[in-house]
2 protein chains.
Amino acid sequence: MSAHATHECVQLVPIFQELEASQLDTIESIVQHHHYQTGETLFNAEDSLDTLLIVAGGQVKVYQLAANGREQLLYLLQTGDIDGEAALFENKQRTSYAEALVPTDICSIRRDDFQQLMQQYPSISINVLNVFGKRLTQLEKQTTSTATESVEARLANYLTETAASLDVQAFKLPLKKKDLATFLGTTPETISRKLTRFEKQGLITQKPGKVIQINDADQLLLVE
Amino acid sequence: MSAHATHECVQLVPIFQELEASQLDTIESIVQHHHYQTGETLFNAEDSLDTLLIVAGGQVKVYQLAANGREQLLYLLQTGDIDGEAALFENKQRTSYAEALVPTDICSIRRDDFQQLMQQYPSISINVLNVFGKRLTQLEKQTTSTATESVEARLANYLTETAASLDVQAFKLPLKKKDLATFLGTTPETISRKLTRFEKQGLITQKPGKVIQINDADQLLLVE
DNA sequence: CGCTGATTTGATTGTTATCAATACAAGTGG
DNA sequence: CCACTTGTATTGATAACAATCAAATCAGCG
């Protein structure tokens, strides 16, 4: 089971695409495995940053704390996602926190090992650059959105985007309202109210089990 | 003059550190030069993204537009900064706008050329990763800050950080209030009022020529 | 010196956070 | 399987922060 997981780990991750089977074997041999329970902490800010994490299965929230103690959800890591960008750099300390939202399997690669891998297989660097680029683009959009749009618009956008990326009309919110709130830069109460509002306007339907059905995506996107 | 500028260009940029003089020569030979007037546009969102830009001198603001048309300043590029991260990736379109704030000199490298350089000199990839990592870290902080802290706290933080990074007590605001506002996710009016407030509290002194003097950095950081 | 854009100041409004209480859901242990 | 406990979500009342609109003042520049 854990031997099998090793394979999954390396194969799951886009950054190791384009590598030969033998090269994947090399990587597999240096990967370490961990399991975390729901609510368990993967790392804290101030922790030293010396490993690259690969989510082999489960779900992890990565967040920061502001000076006033409020939480900001930055990323929701899913199977195949990686974290530890700065593991590659000079930065020696983490700036965020990570917590498992469900039982989660993690593979990790030590900083030194990974740097060697990158030297050996330049395509890995390129792939990592790609991942970073996407993350930057996503974060830029999030920054723009939280800074300039209303909570209502952000929520509407989140709903339509999530539905679109899953290619469905109805989906289950992957987060507790509390976490969704810190992701969108608002409060659980406000999310509740806005969802009720959207429902009254006929834009969505709320179903049991945190399931949201999009009725009118076009109108949702027009919400200001 | 322009021949001289070429050298400056490549030498300015941290991503080309660790390269031999001969290698720098190679790069110099493929770099192109541009000059922009104040207010001139370097690129727009939707533009195809096929060059890496190096700021050889001057100042450039990089911003996005939200759905509602409001502007969000993402980066203020100074001499030696680079832009065009995604130039390295699949993303073919830009998502932001760039405008020269003062007369500005730019060197550019075409996407294909740069990708070849990276293949040739892996250290460049590593350096680019470093730049990205820092940018990600900065952006994560900005996101957290705009989403969770008050305008007052963000402004106070901006002032102390800027002063600290320049290692001075008094400095000239590098941006118009309008631009600073879009950076901090607020309005020019609010910035005016908050600065007046800080001054009344004795935390800062406003001097002619957009110069701000920090009187009590410790207290400023405690602003909520 | 006059013009244009930037900044300040004032009055008002609106959105959303906050506080508080209740309802609901889920998981635990008897 | 039911009561109990704990965490999560909803709803309501209120307050605060900051945006907006409008007008006046100021600065920089041709």
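The values are calculated or read from the model by the stated rules, or taken from the named source; none is laboratory data. Everything quoted here is computed from the prediction, not taken from an experiment. Please note: Cβ atoms are built from the backbone with ideal geometry, for glycine as well, and neighbour counts cover all protein chains shown. To get the accessible areas, we keep the full protein, side chains included, count just its heavy atoms, and leave off ligands, DNA and RNA. Shrake-Rupley method; radii C 1.70, N 1.55, O 1.52, S 1.80 Å.
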query: GNM on chain B, C-alpha springs below 10 Å: top fluctuator among B:Ala164, B:Ala56, B:Ala67?
result: B:Ala67
field: Teacher prompt: B:Leu65 distances to equivalent labels in other copies, 7 Å Cα→Cβ, nm
entry: 4.1
statement: Judged on accessible area alone, 1.4 Å probe, highest first, B:Ser150, B:Ser108 line up as B:Ser150, B:Ser108
message: Could you report the accessible area of A:Tyr97 in Å², rounded to 10, computed with a 1.4 Å probe on the protein chains as they sit in the structure?
response: 50
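Would you rank B:Arg197, A:Arg94 by solvent-accessible area, highest first, keeping every protein chain in place and using a 1.4 Å probe?
Values: B:Arg197 115, A:Arg94 20 Å².
From most exposed to least exposed: B:Arg197, A:Arg94.
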Hydrodynamic radius of the protein assembly as shown per Kirkwood, over alpha carbon pairs, in Å: 23.8
task: Find the centroid of the Cα atoms in segment A:1-73 and in segment B:50-122, then give the distance between the two in whole Å.
output: 31
- prompt: P(r) tail for segment B:88-187, what percent of Cα pairs lie past 23 Å?
  reply: 48
Accessible area of B:Arg70 in the full protein assembly, 1.4 Å probe (Å², nearest 10): 110
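Over the Cα atoms of chain B, Rg to Rh with Kirkwood Rh, two decimal places?
That ratio is 1.01, to two decimals.
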query: Over segment A:164-224, what number does the Rg to Rh ratio reach, with both radii from the alpha-carbon atoms and Rh per Kirkwood?
result: 0.94
task: Determine, from the Cβ-Cβ distance of A:Gln120 and A:Ser165 and an R0 of 35 Å, the FRET efficiency 1/(1 + (r/R0)^6), rounded to the nearest 0.05.
output: 0.55
statement: Each label sits 7 Å from Cα toward the beta-carbon; between A:Ser192 and B:Arg110 the label points are separated, in nm, by 6.0
Label distances, nm, A:Pro188 versus same residue in remaining copies, Cβ-directed 7 Å point: 4.2
Label-point separation, B:Lys207 to B:His35 (7 Å along Cα→Cβ), nm: 3.3
- prompt: How many nanometers, to one decimal and shortest first, lie between the label point of A:Ala170 and those of its other copies, if labels sit 7 Å from Cα toward Cβ?
  reply: 6.7
- request: Project the alpha carbons of segment B:18-121 onto their principal axes and report the range along each, largest first, in whole Å.
  value: 48, 30, 19
